[in-house]
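Okay, structure first, notes after.
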Amino acid sequence: MSKKENPAMPKKKVDEFRTILLKERAALLHDLELEQDSFIYNDQGDLVDIADSVILNDLINRLSDMDADKLKQIDRALEKIEDGSYGICEGTGKPIPEARLKAVPWTPYSIEYAESLEKTKNRKYPRAPID
């Protein structure tokens, strides 16, 4: 399968997005490092203190997972810049509008394709009713 290139995006724009992605990547790596430093181990005190530290660590861990996923998406976008396919929707093969890339520079999909994926996911895994 050959990569689709984005001839519609001028090199200057691609360079701007590369800079944005690299800054976001550096900030994420910094935040992940700070989160790792903030893990709390508390076996002192009563059960409430211990439960509080477990809950806080779990929350930090989930945030780190979300940041790690975002970091993967940023790295993928940087790879696409290098191979010339940045700004091309991985689902449709069409250019992603610049407004979408400005909002989410690491996105692999156009908004329409992302919405169709979400609808498919919701049909496949419907939410339980909330009482």
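Tabulated data
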{"quantity": "Rough spin-label spacing in nm, given labels placed 7 Å along Cα→Cβ, for L29 and L117", "calculated": "2.5 nm"}
{"quantity": "FRET E, pair T92, D65, Förster distance 41 Å, beta-carbon r, rounded to 0.05", "calculated": "0.90"}
{"quantity": "Within-14-Å neighbourhood charge of E16 [Cβ basis; K, R +1; D, E -1]", "calculated": "+3"}
{"quantity": "Potential lengthening between K11 and A99 on full extension [0.36 nm per residue; Cα-Cα distance subtracted]", "calculated": "30.0 nm"}
{"quantity": "I88 long-range amide H proximity, modeled H, under 5 Å", "calculated": "I96"}
{"quantity": "HN-Hα J in Hz across segment 11-28 - Karplus 6.51, -1.76, 1.60, θ = phi - 60°, x for Gly and Pro", "calculated": "4, 4, 5, 4, 5, 4, 5, 4, 4, 4, 5, 5, 5, 5, 4, 4, 5, 5"}
{"quantity": "Derived scalar couplings ³J(HN,Hα) [segment 108-114; Karplus, 6.51 cos²θ - 1.76 cosθ + 1.60; whole Hz; x for Gly, Pro]", "calculated": "x, 10, 5, 4, 4, 5, 4"}
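Values in this text are rule-based calculations from the coordinates and carry no lab data. Here the structure is a predicted model, which is why all the values come from computation and not from measurement. Note that we place each Cβ from the backbone using ideal geometry, even for glycine, and neighbour counts take in every protein chain shown.
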